[in-house]
Each structure stands twice: as structure tokens, then as C-alpha cells.
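Before any comments, here is the structure.
The values are calculated or read from the model by the stated rules, or taken from the named source; none is laboratory data. Just so it is clear, the model here is predicted, and its values are computed rather than measured. Cβ sites come from the backbone with ideal geometry, for glycine too, and all protein chains shown count toward neighbours.
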Amino acid sequence: MEEFLQQLTNGLAVGGIYALIALGYTMVYGILRLINFAHGDLFTLGAYFGLTLLISLGLADHLNGLAVGGVLIVMAMGLVAVVGWLLERVAYRPLRDSDRLAAVVSALGASIFFSNAIMLVYGPRSQVYPSGILPSAAFPLFGVEVPVMRFLMFGGSALLMCLLYWFIHKTRVGTAIRAVAIDQDAAKLMGINVNSIIALIFLIGPALGGAAGVMVGLYYGQITYDMGFSFGLKAFTAAILGGIGNIPGAMLGGILLGVIEAMGAAYISIAWKDAIAFAVLILILIFRPTGLLGERVADKV
Amino acid sequence: MKDTSPYLELRNLRVKYGNVEALHGISVRVNKGEIVTILGANGAGKTTTLTAISGLVKPSGGGIFFEGKPLDALPSHKVVQLGITHSPEGRRVFGTLTVRENLELGGFTRRDKEQAAAILKWIFELFPRLEERIEQLAGTLSGGEQQMLAIARALMGEPKVLLLDEPSLGLAPILVRSIFDSIREINENGVTVILVEQNARAALKIADRGYVMEVGKIVMDDNADALLANPDVQAAYLGGGA
């Protein structure tokens, strides 16, 4: 029971992170049918922006831990959103009408560019978030001492996901985003500026990825310039698991993958953690290629 | 013949898809308050003409003028803002959104809530079925209901000019009649209508004037009554004698 609860809460905390990143993949795919391979690196960028802000602003001297976390996340979201917007302008928009493979190659190039830029600026060694920002206390859950930090992680990502869900489903612009995902030409005939909607997607997705980056920094303490690759791949798996292009699917897929991975590591073997995650991907692709909630199939990428 | 400049005018309009020219320089004049129908067989260029007006395809030559100003350099969403809305071929309703959301999107460029409510009321008078199905997903509607929704959605943008592409396609005859009655009523409320149709007889009955297209050219234009009586039109598009 102890082991199970520990792994469940750990899985939920990590799964929330996967879900936040997966949303960026799935939203871009839903609108452009493009896998934004640079998305994992935008997540990394969020972690590094967060670290720089934390140190240069001296936030920890003035505020309590929770407020520091909140402020960092919001600021990193804003900065990464700007980078995402630029990425779309520079690397994707000029290729919108060209061969699809060109955009994929451009995405891979952007990914390499970002991870190398981070390495050049911050160095190839891992960087460390100052410890003790978030409370390290434990919370008794059914008699098991579970670190409070896990609840904060999951709560933070759940809050952001609820906000996104509300925006997409309850606002006028959110309805326009869904319309563009269904039929771009028909959306244009409604008077929707499809270019602005695409730009907006490249603000929101990277912002969520940036938030996840800061959360990973706060949670694990250590960040590396290439961590976007492994987290990105897991989140991409999560997006496929839930059904790529489907927003609730990405949320569900991320959380499920986090829990499956944690359980697999605990009850099968920790060495097999990644293998288990990708085995899930392979099984989904074989038996339910549209994902758990999806209708569309990822093709040609 | 009035000598006032036309409300909407296509001047020697050319459109190319790659190397293939689909419109070989067509000229169409539409006066304010008219129903103008464009007839022709499949592939004649009728749909291309409408998509060029709404900016989904860019002309390779010639021009499109609305209220005297050029339209052809504008992106589609700006054309909608000027008051030209388009109910496209194949309805193209947003199937996984509700009827209400589809209608809200139709009014995307119009921010006045009271005005939107008034239009919605009028739409429900035109198409009471839509009010009954307001919370249903558009994809679950029948073909006729989807057609009503496509027209209603275009009306939500408060058009000055409404472009309708094959509103009768695939509908039972009784529904066709009711759709055409609605188009006439929309027109009587002051909306200029450009109607592309294969059902030439029904279209000419409600239209003021008509153009006949063949392989990217206008081959005939006249008053609707004259076209209905024209033996060539009868032979080619009205299935012989009445």
C-alpha cells in the first residue's frame, strides 16, 4: 500500500508534466498537422529561463516558496511564449504552403538550434535549482507520508489544464481555434484570421511547455540542456496515447503515462522505465492507432 | 439598363490552379438587392468564381470590385468583415461543434450582442428546425438540416452579399423548395444573393438574372425569365421542354 501510494502520487506529479508538454504537441498537430519537434527544447528553455530569473531577481529572498514558484512559472511562460511565436514566424510560416517534409526538417533544425543555443549559453553541465524553494514536508495520505511537492506539481499542472480547457471550450476565440482545427477554409469564411489563430497556438503551447520546464526544475532540482529530448519524447508518446490532435486526450495520455511509468519502475524494474513507456506507445500504435480519445491518425511524419 | 456602377463586379477575372486556368476571364455584374444565379455543368468554374470572391483562391488576372473598391487583394477574413459571406459547396459545417457554436462562429466578426440576438431570432423563424437542434452536434444533423445551418451560419455575419454554392445538392425535392423559399425571403430582407446551382429551373425561378458558364467562360447572360424561355438553356440545363 505504501509503495503503491508513493508511486501513484509520483506518477501523477510526473504525468502532469507530461500532459502539459503533450498539449503543445497536440495543439500544433491539431491545427497544422505538424509535429513541432522543437517543442521539447522550448520546455528546456522554460526551465533555464526560470533558473535565470530565480537567481537574477533574488525572488527567494522576498517571497515564500509557493509564491516564488508561481511567479517563476508565469514569467517563464511569458518568455517561452514569445520564443514560440518567433519560432512559428521564422521556421514554420514561410514553409506553410511547401512540402510537408520541409516543415518537419525545419522543426528538427529548430530543435537542434535551441538545444545547442542553451548549451552554448549555460554550458554542457547540468545546472541546479537552489534547493528548499518548495516545501519539502510530507503529507499523511491514508497513513503514508507523501511529499507535499508532488501535490503541488499535480495541482499546478491541473490548474493550467483547467484554464486551457475553459479557454478552448467556453470562449469565442477558443471556439474559433476548434473551428480552425476542423476546417481551415471554412473557418476563413467565418471571418476568422487563421494566421492569428496559428500564432496564438504557438503562444499557448510553448507557454505550457515553459511552465512544465520550471516545474521540473523545482521538482527535480537538476536541469540539463538536452532534457527536452527525453521529456519531449515521453510527452509526444503521451499525446499519441491520448489521441494526437485531441486536447483532453493529451491530458489523459500524459497522466496515464506518468502513472504507468512509475508503476512499471516500482513493480517491474526501474531499469525498464523508459522501455515500458515506449512499449505503451508501440502497443497503442498497433492496436489503437487513433489513441484513446482520438479520431485522427498521425500520418506521414 | 441602369448606368449606375454595379454593387459587386467581376472584371475579366482569371484564376489558375497550378498551370491549369479554371476561369478564362469572366465578367459578372451584380446590382444591389438582386438574386443572380450562375448556372453550368460540373467543372464549369462556378465554385471557383465564388471562392475567388470570398478570397479563398487568388485571381491570376482581372479584378473583383465591391462597392467600387477592389476585393481581390484582401484575405478571406477581411472580405467577410466587408459584408460578403459564403455558404460553401458541400456545406462544410463544423461537425464536432454544436449548432449553437456553428452559428456563433458565423457571427465571429460581429461583436454587437443585441444585433446578434435579433439575427438569431430571424434565423429561427426561417429555419425552426435549427432552434430545436441548437445543442446538437452539427455532424449529427440530416443533410437538409446541415444545409440550413450552412446558410444560417453565413447569415449570422449580417451579409450585404450572400454567396450560396449548391444549396440544393443532395436534398429531397420538398426540402429544395423550402430552401429556395428561404433564399427568396432572405433576399427580400435586403440581402443581395449570388446563387450557384445545378438545379437550374429552381434557381432561375427565384433569380432576377442569370449567367451560364461553360469550361471557365460565361457563354450567356440574361434576365432569368429570358433564360428560362431560351431553347438552348432548356436543352442543356432544364432537361428539354418544361
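Where the second residue is of a type in the set (V, I, T) and the first is under 13 Å from A:V90 (Cα atoms) and lies in segment A:102-125, which pairs have Cβ atoms under 8 Å and are six or more apart or on separate chains? Correct list of pairs: A:A107/A:I35. The set of residues in segment B:130-145 being assigned to a helix (DSSP H, G or I), surrounded by 16 or more Cβ atoms within 10 Å (Cβ to Cβ) and away from chain A (no Cβ under 12 Å) consists of B:L130, B:G144, B:E145. Selection within segment B:103-129: residues that are aliphatic (A, V, I, L, M) and in contact (Cβ under 8 Å) with a residue 12 or more places away in the chain. The member of this set that is farthest from the other protein chains (Cβ to nearest Cβ) is B:L126. The set of residues in segment B:53-102 that are more than 9 Å from chain A (Cβ to nearest Cβ), over 21 Å from B:K32 (Cβ atoms), surrounded by fewer than 23 Cβ atoms within 10 Å (Cβ to Cβ) and among the aliphatic types (A, V, I, L, M) comprises B:V57, B:A73. As a summary of the residue check, B:R91 satisfies the conditions (1) under 15 Å from the mean Cα position of the chain (by Cα); (2) modelled with pLDDT of 95 or more except for the one numbered (2). Does A:A76 satisfy being under 21 Å from A:A238 (Cα atoms), crowded, with 24+ Cβ neighbours inside 10 Å, of a type in the set (A, V, I, L, M, F, W, C) and over 12 Å from the mean Cα position of the chain (by Cα)? No; evaluated as a whole, the condition is false for this residue.
Residues checked against (1) in contact with a Pro (Cβ under 9 Å, 6 or more places away or on another chain); (2) touching a residue at least 40 places away in the same chain (Cβ under 8 Å); (3) surrounded by 24 or more Cβ atoms within 10 Å (Cβ to Cβ); (4) not basic (K, R):
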{"site": "A:G16", "(1), (2), (3), (4)": "no, yes, yes, yes"}
{"site": "A:A19", "(1), (2), (3), (4)": "no, yes, yes, yes"}
{"site": "A:G24", "(1), (2), (3), (4)": "yes, yes, yes, yes"}
{"site": "A:V28", "(1), (2), (3), (4)": "no, yes, yes, yes"}
{"site": "A:L42", "(1), (2), (3), (4)": "yes, yes, yes, yes"}
{"site": "A:A47", "(1), (2), (3), (4)": "no, yes, yes, yes"}
{"site": "A:T52", "(1), (2), (3), (4)": "no, no, no, yes"}
{"site": "A:G58", "(1), (2), (3), (4)": "no, no, no, yes"}
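Taken together, A:S131, A:S98 contain a single residue that is surrounded by fewer than 14 Cβ atoms within 10 Å (Cβ to Cβ) and either within 14 Å of chain B (Cβ to nearest Cβ) or within 30 Å of B:H86 (Cα to Cα) (or both), which is A:S98.
Within segment A:158-179, take every residue that is aliphatic (A, V, I, L, M) and within 10 Å of another protein chain (Cβ to nearest Cβ) and give me the one that is surrounded by the most Cβ atoms within 10 Å (Cβ to Cβ). Per the criteria, the residue is A:A179. Restricted to segment B:107-127, and to residues that are of a type in the set (G, A, S) and within 16 Å of B:T85 (Cα to Cα), which residue is surrounded by the fewest Cβ atoms within 10 Å (Cβ to Cβ)? Checked segment B:107-127; the qualifying residue surrounded by the fewest Cβ atoms within 10 Å (Cβ to Cβ) is B:A116.
Of the residues making up segment A:163-196, those that are out of contact with any Phe, Trp or Tyr (no Cβ under 8 Å at 6 or more places or on another chain) and more than 20 Å from B:V57 (Cβ to Cβ) number 13.
Among all positions in segment B:54-63, there is no residue which is part of a strand (DSSP E or B), farther than 23 Å from A:M190 by Cα and in contact with a helix residue (DSSP H, G or I) (Cβ under 7 Å, 6 or more places away or on another chain). When segment A:192-205 is filtered for residues that are within 11 Å of chain B (Cβ to nearest Cβ) and either surrounded by 23 or more Cβ atoms within 10 Å (Cβ to Cβ) or among the aliphatic types (A, V, I, L, M) (or both), the ones remaining, listed by number, are A:I192, A:V194, A:I197.
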